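Okay, structure first, notes after.
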C-alpha cells in the first residue's frame, strides 16, 4: 500500500510534534523513583507554557544589567546545574562571588533556599541573583520588568502562560520557579538497590560504602534516608568549621589561588593583599537570624547527584569527594560553634574508598535528559543582542 507524499509529510509532522510534546513533560514517573511525592498544587506541577517561559528566562543573558549573565552561567546544565570550574562563580563584571553555586537538581524540595536559608520559596529566591549588585546587578525589579516587556521575542509568552497576565515581579518569579521545579532527578542506582530491591544495582564496594555511610561514619545523621524515599538532607543548618567566619580568620604566609579552571598558584599573602580587595567575611545563617548559635552554620546540601556537583562546601573549598571524606574523617574544623555531631571517624583507607564509591551511586537516572531539555528550544542571547544557538 502506497501513501501520498502529503500524507507522509503530515505523519512526519505529527511524530515530530509528539516528540516536542514529550520534551516538555517535566519528569517521567521513573525519574522520581526514590524521591518523596510533591504536593498536589499548581505551583508544583507547572503547565508547559510556564515551563517553556521559565526555561527561556533561565537561559537569557539579557536579564542581567549588561546583557552578559544568565542563570545558566552559574547553574550550568551540563555541570549538574552548578559550576564545576571555580570554587565560587564569577559575577557582574568579573566579581568573585562569596559562595559556591548550589545545584538546582531537586531544588523543588528545598524549603529554605540559599546556603543561609534566607529565601522561603523559589519565587522569591529567583529575584535574589537578578538584583544582587555582584551577580546580575539590576538596579530594581521594575528595571527587569521594563526590559523584558521591550523584548519582541517575549511578546505574548507571559499572557499565554499566566492567563492574560503580563510580565511582572510575580509572573517572572513564578516562571523561573516553575521551570526549576521540573529539575527532578531520582531513580539513581542507590534507589533501585535500596528502594527497588535490585541487588545488582550496586557492587560490593558501593554496598560496603553504604554501610559505612549509615553506620560508622554516621553521615545519615544529617543526610537522612526515609522508608520509601530519601532527599539525603535534614534541611537544617550546621557549623562544620569551614568558611570565613569574621574574627576567626588566620593569616597564612601563602595562599593557593585559582587563576583559571585547572590552574592554581601559591601566592604570597602580602603580595595578594596589595592587588586585591579583602575577602569578605561570612557568618552563614547568623546573617539571617542574628542568633549567635547560628554563626558559621550553613544548610545541609542534598547528596543526590553529588558526584556531578564539585567543588564542595558552601565556599567551594573542597574539590573532590575524597577531600570531603578526609575533611569529615578529621571531624571538621574546630571552632566554638562547631556542631557536636562532628567527630573524628577513624576510617581505614578501604572504608574511605568504599564511602566515595557509594556517593557515586546517587546520580539520578535522567540527568543527561535534563541537560538536553535545558538547551532545547532555548536561545542564548549575548551582549548587544547577538543571538546564538546554545
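The values are calculated or read from the model by the stated rules, or taken from the named source; none is laboratory data. Quick caveat: nothing in here was measured; it's all calculated off a predicted structure. Here Cβ is always computed from backbone atoms with ideal geometry, including for glycine, and neighbour counts include all displayed protein chains.
Let me spell it out: the conditions are (1) closer than 26 Å to residue 316 by Cβ; (2) in contact (Cβ under 8 Å) with a residue 24 or more places away in the chain, and residue 119 meets all of them except one. Which number is the exception?
Just one mismatch for residue 119, condition (2).
Output the residue which, of all residues in the stretch 261-294 that are within 18 Å of residue 317 (Cβ to Cβ) and assigned to a strand (DSSP E or B), is modelled with the highest pLDDT.
284
So, in the stretch 323-378, of the ones that are at positive phi and surrounded by fewer than 19 Cβ atoms within 10 Å (Cβ to Cβ), which residue ends up modelled with the lowest pLDDT?
377
(1) part of a loop (DSSP other than H, G, I, E, B); (2) within 26 Å of residue 189 (Cα to Cα); (3) in contact with a strand residue (DSSP E or B) (Cβ under 6 Å, 6 or more places away or on another chain): which one isn't true of residue 303, the others all being true?
The single condition residue 303 does not satisfy is (3).
With respect to residue 10, is the statement that it is over 30 Å from residue 198 (Cα atoms) and at pLDDT below 95 true?
yes
So residue 208 ticks every box in (1) more than 24 Å from residue 113 (Cα to Cα); (2) modelled with pLDDT under 70 but one. Which box is left unticked?
All conditions pass for residue 208, except number (2).
Kindly indicate whether any position in the stretch 307-315 is at pLDDT below 95, assigned to a loop (DSSP other than H, G, I, E, B) and surrounded by fewer than 20 Cβ atoms within 10 Å (Cβ to Cβ).
yes
On the basis of being surrounded by fewer than 18 Cβ atoms within 10 Å (Cβ to Cβ) and modelled with pLDDT of 95 or more, does residue 123 make the cut?
no
Output the residue which, of all residues in the stretch 37-65 that are part of a loop (DSSP other than H, G, I, E, B) and modelled with pLDDT of 95 or more, is surrounded by the fewest Cβ atoms within 10 Å (Cβ to Cβ).
Result: 65.
Only residues that are touching a strand residue (DSSP E or B) at 6+ places or on another chain (Cβ under 6 Å) and closer than 22 Å to residue 166 by Cα: list them for the stretch 94-127, please.
Answer for the stretch 94-127, where residues must be touching a strand residue (DSSP E or B) at 6+ places or on another chain (Cβ under 6 Å) and closer than 22 Å to residue 166 by Cα: just 125.
Report yes if residue 86 is part of a loop (DSSP other than H, G, I, E, B), in contact with a strand residue (DSSP E or B) (Cβ under 9 Å, 6 or more places away or on another chain), within 22 Å of residue 46 (Cα to Cα) and assigned by TED's automatic domain parsing to the domain that holds residue 53, otherwise no.
Taking the combined requirement at face value, the residue does not satisfy it.
I'm checking my understanding of the structure. Among residues of the stretch 66-83 that are in a loop (DSSP other than H, G, I, E, B) and at negative phi, which one is farthest from the chain's Cα centre (by Cα)? Spell out the reasoning first.
Restricting attention to the stretch 66-83, the residues satisfying the condition of being in a loop (DSSP other than H, G, I, E, B) are 66-70, 74-75, 80-81, 83.
After this cut, where a residue has to be at negative phi as well, the list is 66, 68-70, 74-75, 83.
Working: 66: 24, 68: 20, 69: 17, 70: 14, 74: 9, 75: 6, 83: 9 Å.
Restricting to residues being in a loop (DSSP other than H, G, I, E, B) and at negative phi, the top hit is 66.
Could you check, for the stretch 150-159, whether at least one of its residues is assigned by TED's automatic domain parsing to the domain that holds residue 370, under 20 Å from residue 37 (Cα atoms) and in contact with a helix residue (DSSP H, G or I) (Cβ under 6 Å, 6 or more places away or on another chain)?
The answer is no; no qualifying residue exists.
Which ones in the stretch 236-260 are assigned to a loop (DSSP other than H, G, I, E, B), at pLDDT below 95 and over 15 Å from residue 329 (Cα atoms)?
Within the stretch 236-260, the subset assigned to a loop (DSSP other than H, G, I, E, B) is 236, 239-253.
Then drop every residue that is not at pLDDT below 95, which leaves 241-253.
243, 244, 245, 246, 247, 248, 249, 250, 251, 252, 253, listed by residue number.
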